[in-house]
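Participant: After the structure tokens below, expect a handful of questions from me.
The values are calculated or read from the model by the stated rules, or taken from the named source; none is laboratory data. Just so we're clear, the structure is a prediction, and the values are computed from it rather than from any experiment. Cβ: placed from backbone, ideal geometry, glycine included. Neighbour counts: every protein chain shown.
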Amino acid sequence: MSEGNNKFLENFKKTQLYRAIFRTGGAPISTHKQRILVTLNNVFLHLHPIRLPKHAVKVKYTWCMGGLSFFVFLVLTITGILLMFYYRPTVEYAYGDIIDLSEQVPLGLMREIHRWGAHLMVITVWLHMFRVFMTGSYKPPREFNWMVGVILLVLTMLMSFTGYLLPWDQLAIWAITVGSNMAGATPLLGASGPGASLLAIGDVNFVHAASDARFAMLGGRFVGEGALLRFYVLHCIGLPFVIMIFMIVHFWRVRKDGGISGPT
Amino acid sequence: MSDPIQKPSNQPAQTTPPKPVSLNEPMDRRSFIKWSVIGWGAFVAVLGGYGAMIMRYLFPNVLFEPKQSFLAGYPDEYTIGEVSERFKDKHGAWIVRDTEKIYVLATFCTHLGCTPNWMGNENKFKCPCHGSGFYKTGINFEGPAPRPLERYKITLTDDGEIFIDKTKKFQQEKGEWSDPESYLSV
């Protein structure tokens with residue numbers, strides 16, 4: 001049975017189809033170079049190092065928190081896309097669609113997975129940072145990647161913040177009211193912040209409730225239709241786009257800075 | 001880069017060379033810097049222009065929000081010493097008349113923005129969320145609210161009706177309650 005399978009596989013490796021997909025070809029791997037080439041010649045495999053230091057796979061050392069953060073991010077991406085098939089970001093439908101998602105839609109679990117996953121991602125990102133800090137992995141040559149990581153943390157928080165509004169329940173509306181009032185208190189750029197009155201010529205005030213940072217965020221003077229749509233677009237397209245760019249840089253720099261840091 | 005610039009070797013030399021800017025000739029330092037500044041300047045200007053356009057795009061000219069001002073009837077429709085809840089649900093405003101003036105309180109708790117209730121028996125506004133309490137004037141006296149309720153701009157129209165503009169707010173802690181637009185003398 002297994003021999004038959006092997007024969008089938010050997011024959012399959014000789015076909016043009018196999019050779020077209022796997023660039024290394026079907027030749028048996030016997031040398032170290034060939035083994036390396038298999039990894040390098042595959043777009044998915046090449047994301048992974050050719051070899052790992054022994055400590056890098058020790059859960060005790062890495063906690064696997066960076067990997068888990070990325071895994072949860074993928075789960076959130078998939079469930080998020082699924083939620084978008086039912087959710088309509090309007091004042092009229094948003095709340096009802098969320099109820100509908102958990103009560104009527106088959107496997108309404110998706111919404112709960114997305115919600116709990118979001119909480120989990122914040123936790124894993126924090127723990128990842130904690131681990132990186134405690135192992136001193138922020139030190140040169142990894143200081144640049146630490147800064148990228150800080151940006152990724154902020155982006156994770158912004159993803160949470162924008163997602164917070166979308167259920168459009170009382171908690172969401174008031175939480176974003178409070179959160180956006182902070183934007184209104186930005187120095188110079190917020191209408192109720194310090195220095196806003198400095199940006200005025202005579203009686204014409206340039207920074208007021210309909211022209212400040214809070215207004216740009218909400219697309220209106222209070223949390224309403226404009227804010228819901230703005231947060232939806234940021235949550236589903238804008239921020240994921242930015243976070244993925246930083247993630248690419250982050251993963252690439254882990255490799256270029258010498259892989260996972262080790263005990264010295 | 002390291003390749004020498006190739007010149008056509010088998011062409012006859014021109015008799016009157018006007019010294020044109022030829023792609024085959026290396027650019028001298030002076031014009032390289034000049035064109036670099038012009039090129040990069042234009043690039044940055046276009047980028048900045050697009051940036052400014054995107055920023056402006058995010059500030060809409062027309063808002064599809066509920067109106068922020070309303071007519072609230074005539075002053076004699078309000079009894080002295082009473083808190084009117086007539087426009088609480090629709091416009092988020094209490095209209096209060098005391099012996100000398102009418103003022104409008106915003107129905108937003110200054111703690112976290114919930115809507116307090118007017119407790120007629122206890123003569124106070126009480127927020128159900130975290131228990132902040134406010135006197136009839138709007139001054140906070142209990143609970144976590146850090147400052148008094150805000151007042152809205154109140155004026156009279158030409159035919160004597162009360163006109164309330166919610167885009168203009170008056171805060172006691174900034175000394176704005178003495179502003180003549182923050183109350184209506186009756």
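Participant: Could you go through region A:32-42 and let me know if any residue there is within 24 Å of A:Leu152 (Cα to Cα) and within 29 Å of the chain's Cα centre (by Cα).
Facilitator: no
Participant: What residue, of A:Gly238, A:Gly224, A:Gly202, A:Gly219, is away from chain B (no Cβ under 12 Å) and either without any contact (Cβ under 8 Å) to a residue 40 or more places away in the chain or not hydrophobic (A, V, I, L, M, F, W, C) (or both)?
Facilitator: A:Gly202
Participant: Something else now. Which of (1) more than 21 Å from A:Gly220 (Cα to Cα); (2) in contact with a strand residue (DSSP E or B) (Cβ under 9 Å, 6 or more places away or on another chain) is the odd one out, the single condition A:Ser197 does not satisfy?
Facilitator: Here A:Ser197 meets the rest and fails (1).
Participant: Please work out which one of (1) closer than 26 Å to A:Tyr87 by Cα; (2) within 22 Å of the chain's Cα centre (by Cα) is the condition A:Asp169 fails and give its number.
Facilitator: (2)
Each row is one residue, and each column tells you yes or no for (1) within 28 Å of A:Ile81 (Cα to Cα); (2) loosely packed, with under 15 Cβ neighbours inside 10 Å; (3) modelled with pLDDT under 90.
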| residue | (1), (2), (3) |
| --- | --- |
| A:Ala191 | no, no, yes |
| A:Gly195 | no, yes, yes |
| A:Asp203 | no, yes, yes |
| A:Val207 | no, no, yes |
| A:Gly219 | yes, no, no |
| A:Glu225 | yes, no, no |
| A:Arg230 | yes, no, no |
| A:Ile237 | yes, yes, no |
| A:Phe241 | yes, yes, no |
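Participant: Please give the number of the condition B:Glu176 fails out of (1) crowded, with 17+ Cβ neighbours inside 10 Å; (2) within 14 Å of chain A (Cβ to nearest Cβ); (3) under 30 Å from A:Val207 (Cα atoms).
Facilitator: Only one criterion is unmet by B:Glu176, namely (1).
Participant: Follow-up question, since we're still on this one. How many residues, within region A:155-195, are β-branched (Val, Ile, Thr) and under 18 Å from A:Leu120 (Cβ atoms)?
Facilitator: 2
Participant: Just checking: which of the helices (runs of 4 or more DSSP H) contained wholly in region A:108-188 hold 1 or more residues that are closer than 17 Å to A:Phe71 by Cα and assigned by TED's automatic domain parsing to the domain that holds A:Val207?
Facilitator: A:109-134, A:143-165
Participant: Same structure again: Read through the list (1) more than 23 Å from A:Asp97 (Cβ to Cβ); (2) under 16 Å from the mean Cα position of the chain (by Cα); (3) buried (at least 20 other Cβ atoms within 10 Å of the Cβ), then give the number of the only condition that A:Ile151 fails.
Facilitator: Of (1) more than 23 Å from A:Asp97 (Cβ to Cβ); (2) under 16 Å from the mean Cα position of the chain (by Cα); (3) buried (at least 20 other Cβ atoms within 10 Å of the Cβ), only one is false for A:Ile151: (3).
Participant: Identify all residues within region A:19-72 that are out of contact with any helix residue (DSSP H, G or I) (no Cβ under 6 Å at 6 or more places or on another chain) and of a type in the set (Phe, Trp, Tyr); write none if there are none.
Facilitator: Matches in region A:19-72: A:Phe22, A:Phe44, A:Phe70, A:Phe71.
Participant: Here's something else I'd like to know. Among the residues of region A:168-181, is any without any contact (Cβ under 8 Å) to a residue 60 or more places away in the chain, more than 12 Å from every other protein chain (Cβ to nearest Cβ) and surrounded by 15 or more Cβ atoms within 10 Å (Cβ to Cβ)?
Facilitator: Within region A:168-181, one or more residues are without any contact (Cβ under 8 Å) to a residue 60 or more places away in the chain, more than 12 Å from every other protein chain (Cβ to nearest Cβ) and surrounded by 15 or more Cβ atoms within 10 Å (Cβ to Cβ).
Participant: Test B:Gly113 against the criterion of being within 28 Å of B:Pro66 (Cα to Cα), surrounded by 14 or more Cβ atoms within 10 Å (Cβ to Cβ) and in contact with a Leu (Cβ under 7 Å, 6 or more places away or on another chain), and give yes or no.
Facilitator: Judged against the criteria, B:Gly113 is not a match.
Participant: Also, quick follow-up: Quick check on my filter: what residues within region B:42-81 are assigned to a helix (DSSP H, G or I) and over 25 Å from A:Ser211 (Cβ atoms)?
Facilitator: Scanning region B:42-81 gives B:Ala42, B:Phe43, B:Val44, B:Val46, B:Pro75, B:Asp76, B:Glu77.
Participant: If we scan region A:131-139, do we find a residue that is under 20 Å from A:Ile243 (Cα atoms) and surrounded by 19 or more Cβ atoms within 10 Å (Cβ to Cβ)?
Facilitator: yes
Participant: Cβ-Cβ distance below 9 Å, separation of 6 or more or different chains: which pairs start in region B:54-77 with a residue that is in contact (Cβ under 8 Å) with a residue 60 or more places away in the chain and within 12 Å of chain A (Cβ to nearest Cβ) and end on one that is part of a loop (DSSP other than H, G, I, E, B) and surrounded by 10 or more Cβ atoms within 10 Å (Cβ to Cβ)?
Facilitator: B:Gln68/A:Arg221
Participant: Out of region B:154-167, which residues are within 14 Å of another protein chain (Cβ to nearest Cβ) and under 11 Å from B:Ala106 (Cβ atoms)?
Facilitator: Scanning region B:154-167 gives a single hit, B:Lys166.
Participant: Looking only at residues in region B:93-132 that are assigned to a strand (DSSP E or B) and touching a Pro at 6+ places or on another chain (Cβ under 8 Å), which one is nearest to the other protein chains (Cβ to nearest Cβ)?
Facilitator: That would be B:Asn117.
Participant: Can you find even one residue in region A:81-103 that is farther than 26 Å from A:Gly219 by Cα, surrounded by 17 or more Cβ atoms within 10 Å (Cβ to Cβ) and in contact (Cβ under 8 Å) with a residue 24 or more places away in the chain?
Facilitator: Checked against the condition, which is being farther than 26 Å from A:Gly219 by Cα, surrounded by 17 or more Cβ atoms within 10 Å (Cβ to Cβ) and in contact (Cβ under 8 Å) with a residue 24 or more places away in the chain, region A:81-103 yields at least one hit.
Participant: Of the residues A:Ser211, A:Ser197, only one is within 12 Å of chain B (Cβ to nearest Cβ), among the polar types (S, T, N, Q) and assigned to a helix (DSSP H, G or I); which?
Facilitator: Among A:Ser211, A:Ser197, only A:Ser197 is within 12 Å of chain B (Cβ to nearest Cβ), among the polar types (S, T, N, Q) and assigned to a helix (DSSP H, G or I).
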